[in-house]
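K.L.:
Take this structure first; my questions come after.
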Amino acid sequence: MAKISAMDIYKLLPKTNCKKCGEASCMAFATKLQNKKAMVEECPIMNAPKFEAKKKELVELLSPPVKEVWFGYDDKNHRATMGGDEVMYRYELTYYNPAPFGIDISDNLSDNEIKERAKYIENFVFERTGEKLTLDFIALRNASNDPEKFKNALQIIQENTKMPISLCSINPESIEEALKIINSKPLIYAATEDNFEKMLNVLLKHKKETNKEFALVLSSKQIKTLKGMAKECLNHGIDDLVLEPHTHPENISETLDKFIALRRSAIEKEDKLLGFPILGLPINTYFYTLNNNSISQFIEEPNKAAGIMEARTANTMLIRYADAIILHGCEIWELMPVLTLRQALYTDPRKPQAVDADIYPIGNPDADSPVIMTTNFSLTYYTVTGDFEKDGVKCWLIVLDTEGKAVDVAVAGGQYNGENAKNLIEEKGLADKVNHNVIILPGLGAPARGDIEEKTGWNCVVGTRDSSQVGDFLKKNWENILEKIGKNN
Ligand code: SF4
């Protein structure tokens, strides 16, 4: 599918430049729509009857080939949103809606265990490059197959958290009971070829009686069956669908083949019946005994071998189109690689990852503290400041605007240079902050030393290649450096 241009969108807008959408012109609004930074509804002029046909055309034009589906609460801070993809490969545009991660809770746990696990999931956070990486939903698993237990567990979760919930049961009676008390839009897992008719009846009854929304996972090993079920659901007005073509951790290539086939059908062939987010279930790892790869009892207790396999399965699925995943293991060593990969995958490749250029005081420095120069590439900045904090380094950190490039790349590209450094040093008044004239450069910045000394008039010393060695380097050398070349009067 060809990428939609801002001009394609502009042609359908009213072109009055009235600014009622908050933008300076219709073209500016078109660019925001193109980048998913605005909704068509934000142009009030389009609500006039004479624009009805164009509005419809515009909404269709902007609808991604993979439908965006959300569940959770009306309040956007308590929602899990998935899908909305427009391209097969990230370099073609970007991936929207970072895949939500759900952690299961078994309804066989005690009330207190359910509460504790729900709280743990809600409060889990791992900070990386200044971003707080969190979990997104609770997958309530009807392990008991008892509708009453399922409902009771749901009640406890709702009373103790405001996490979006996936109701996981293939028993239509359990789903029916849970739907009676749920206070948010759930993701229902799942309608299968075996329970399809009964599940559909339960859901249609719920819809008719309450008019409440839900999203539904369709689960089958056969893509043809998924397509048939999707058609039936759409015919009944159930259109928030998610596809689950079965996850086989012991045969991940077969699983990935199906993920890829689904995504190709949606994006390249524009098959509307398969244009829905894909759910991956790395949690299935816990259904397998790891000795002989055969299906066995679910392993509820933490299990290192299963956890490693689960993390590996999750990472593989994320790379190949999983729009949401459900995990069982929730220890930091298992979640860290998966969260890190998701952060990298859903970073917009068109935007450099950068922090503001500035001179930052690190660890309450004084006039005798060293001055160290790095770049504004986020990963560099957070690695450097993390290492400095760990080693108790006190310094003035010059963070040069290198357009978000790391030191070696910025040296090669010419952004880590004397002119840039001079402007920042003067603008931020570095000379008034310290009583010496020394800047320590990272080892990889050595080629720029001459230029920086010449343009800034400051003495440069080349330090270590790695910021984890700076603490030690300063302990051994800073007094000497100050003594020999740096101290002003
Ligand atoms: S409100 Fe609509 S018509 Fe007015 S400037 Fe914005 S896009 Fe154009």
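K.L.:
For the condition crowded, with 23+ Cβ neighbours inside 10 Å and either under 24 Å from the mean Cα position of the chain (by Cα) or over 16 Å from D85 (Cβ atoms) (or both), what is the one hit in I260, I299, I326? Give the derivation first.
P.N.:
Working: I260 fails: crowded, with 23+ Cβ neighbours inside 10 Å; I299 fails: crowded, with 23+ Cβ neighbours inside 10 Å.
I326 is the lone residue from the list that is crowded, with 23+ Cβ neighbours inside 10 Å and either under 24 Å from the mean Cα position of the chain (by Cα) or over 16 Å from D85 (Cβ atoms) (or both).
K.L.:
Follow-up. Please return the ranges of strands (runs of 3 or more DSSP E) entirely within region 324-403 where 2 or more residues are in the same structural domain as F101 (by TED's automatic domain parsing) and modelled with pLDDT under 95. Reasoning before the result, please.
P.N.:
Numbers: elements: 324-327, 358-362, 371-375, 395-400.
It comes to none.
K.L.:
Right, something else. Tally time: how many residues in region 19-38 are on the phi > 0 side of the Ramachandran plot and more than 10 Å from the ligand (Cβ to nearest atom)? Break it down stepwise before answering.
P.N.:
Residues of region 19-38 on the phi > 0 side of the Ramachandran plot: 19, 22, 36.
Pick out the ones that are also more than 10 Å from the ligand (Cβ to nearest atom) and you get 36.
Adding up the residues that qualify gives 1.
K.L.:
Here is a further query. Suppose we filter region 239-257 for residues that are at pLDDT 90 or above, buried (at least 22 other Cβ atoms within 10 Å of the Cβ) and of a type outside the set (S, T, N, Q); how many remain?
P.N.:
5
K.L.:
I'd like to check something: does region 36-55 contain any residue that is touching a Phe, Trp or Tyr at 6+ places or on another chain (Cβ under 9 Å), crowded, with 19+ Cβ neighbours inside 10 Å and not in a loop (DSSP other than H, G, I, E, B)?
P.N.:
Within region 36-55, none of the residues are touching a Phe, Trp or Tyr at 6+ places or on another chain (Cβ under 9 Å), crowded, with 19+ Cβ neighbours inside 10 Å and not in a loop (DSSP other than H, G, I, E, B).
K.L.:
Check whether at least one residue in region 39-57 is under 17 Å from the mean Cα position of the chain (by Cα), within 16 Å of the ligand (Cβ to nearest atom) and not assigned by TED's automatic domain parsing to the domain that holds I260, and report yes or no. I'd like the intermediate steps shown before the answer.
P.N.:
From region 39-57, those under 17 Å from the mean Cα position of the chain (by Cα) are none; that's our starting set.
No, that holds for no residue.
K.L.:
Now for a different question. Just to be sure I understand the filter: pairs with C-beta atoms under 9 Å, separated by 6 or more residues or on different chains, first member in region 38-66 and modelled with pLDDT of 90 or more, second member of a type in the set (V, I, T) and within 12 Å of the ligand (Cβ to nearest atom). Which pairs pass?
P.N.:
Partner pairs satisfying both residue conditions: I45/T16; M46/V40; F51/I45; K55/V40; L58/I9; L58/V40.
K.L.:
Looking only at residues in region 1-17 that are surrounded by 13 or more Cβ atoms within 10 Å (Cβ to Cβ) and within 8 Å of the ligand (Cβ to nearest atom), which one is nearest to V66 (Cα to Cα)?
P.N.:
Keep residues of region 1-17 that are surrounded by 13 or more Cβ atoms within 10 Å (Cβ to Cβ), which gives 1, 4, 6, 8-15, 17.
Now restrict to residues that are within 8 Å of the ligand (Cβ to nearest atom): 13-15, 17.
Values: L13: 24, P14: 28, K15: 29, N17: 32 Å.
Out of the qualifying residues, it is L13.
K.L.:
Six or more apart or on different chains, Cβ under 7 Å: which pairs go from a residue in region 19-32 that's of a type in the set (D, E, K, R) to one that's more than 7 Å from the ligand (Cβ to nearest atom)? Could you list them?
P.N.:
E23/K32; K32/A38
K.L.:
Now a separate question. When only residues in region 70-123 that are part of a strand (DSSP E or B) and charged (D, E, K, R) count, which is surrounded by the most Cβ atoms within 10 Å (Cβ to Cβ)?
P.N.:
Narrowing region 70-123 to residues part of a strand (DSSP E or B): 70-72, 79-83, 101-106.
Next, only the ones that are charged (D, E, K, R) stay: 79, 104.
Values: R79: 17, D104: 23.
That would be D104.
K.L.:
Another question about this same structure. Can you tell me which residue among I156, I121 is in contact (Cβ under 8 Å) with a residue 24 or more places away in the chain and in contact with a Leu (Cβ under 8 Å, 6 or more places away or on another chain)? First the steps, then the outcome.
P.N.:
Working: I156 fails: in contact with a Leu (Cβ under 8 Å, 6 or more places away or on another chain).
I121 is the lone residue from the list that is in contact (Cβ under 8 Å) with a residue 24 or more places away in the chain and in contact with a Leu (Cβ under 8 Å, 6 or more places away or on another chain).
Residue-by-condition table, conditions (1) under 18 Å from F388 (Cα atoms); (2) outside any loop (DSSP other than H, G, I, E, B); (3) out of contact with any Cys (no Cβ under 7 Å at 6 or more places or on another chain):
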position: Q415; (1), (2), (3): no, no, yes
position: K422; (1), (2), (3): no, yes, yes
position: G450; (1), (2), (3): no, yes, yes
position: R465; (1), (2), (3): yes, no, yes
position: K476; (1), (2), (3): yes, yes, yes
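K.L.:
Please verify whether T313 is at pLDDT 90 or above, surrounded by fewer than 18 Cβ atoms within 10 Å (Cβ to Cβ), touching a Leu at 6+ places or on another chain (Cβ under 9 Å) and not in a loop (DSSP other than H, G, I, E, B), treating the condition exactly as stated.
P.N.:
Values: at pLDDT 90 or above: yes; surrounded by fewer than 18 Cβ atoms within 10 Å (Cβ to Cβ): no; touching a Leu at 6+ places or on another chain (Cβ under 9 Å): yes; not in a loop (DSSP other than H, G, I, E, B): yes.
Judged against the criteria, T313 is not a match.
K.L.:
Quick check: is even one residue across region 285-297 of a type outside the set (S, T, N, Q), at pLDDT 95 or above and in a loop (DSSP other than H, G, I, E, B)? It would help to see each step written out before you state the result.
P.N.:
Just the residues of region 285-297 that are of a type outside the set (S, T, N, Q), to begin with: 286-288, 290, 295.
Next, from what is left, pick out any that are at pLDDT 95 or above: none.
No, because not a single residue in region 285-297 is of a type outside the set (S, T, N, Q), at pLDDT 95 or above and in a loop (DSSP other than H, G, I, E, B).
K.L.:
State yes or no: is L133 part of a strand (DSSP E or B) and out of contact with any Pro (no Cβ under 6 Å at 6 or more places or on another chain)? Step through it out loud before you land on a result.
P.N.:
Values: part of a strand (DSSP E or B): yes; out of contact with any Pro (no Cβ under 6 Å at 6 or more places or on another chain): yes.
For L133, the condition - part of a strand (DSSP E or B) and out of contact with any Pro (no Cβ under 6 Å at 6 or more places or on another chain) - is met.
K.L.:
Let me ask another. Taking region 399-422 on its own, how many of its residues are buried (at least 21 other Cβ atoms within 10 Å of the Cβ), within 14 Å of I359 (Cα to Cα) and out of contact with any Ser or Thr (no Cβ under 7 Å at 6 or more places or on another chain)?
P.N.:
1
The values are calculated or read from the model by the stated rules, or taken from the named source; none is laboratory data. Everything numeric here is computed off the predicted structure, so don't read it as measured data. Using ideal geometry, Cβ is built from the backbone for each residue, glycine included, and neighbour counts are taken over all protein chains shown.
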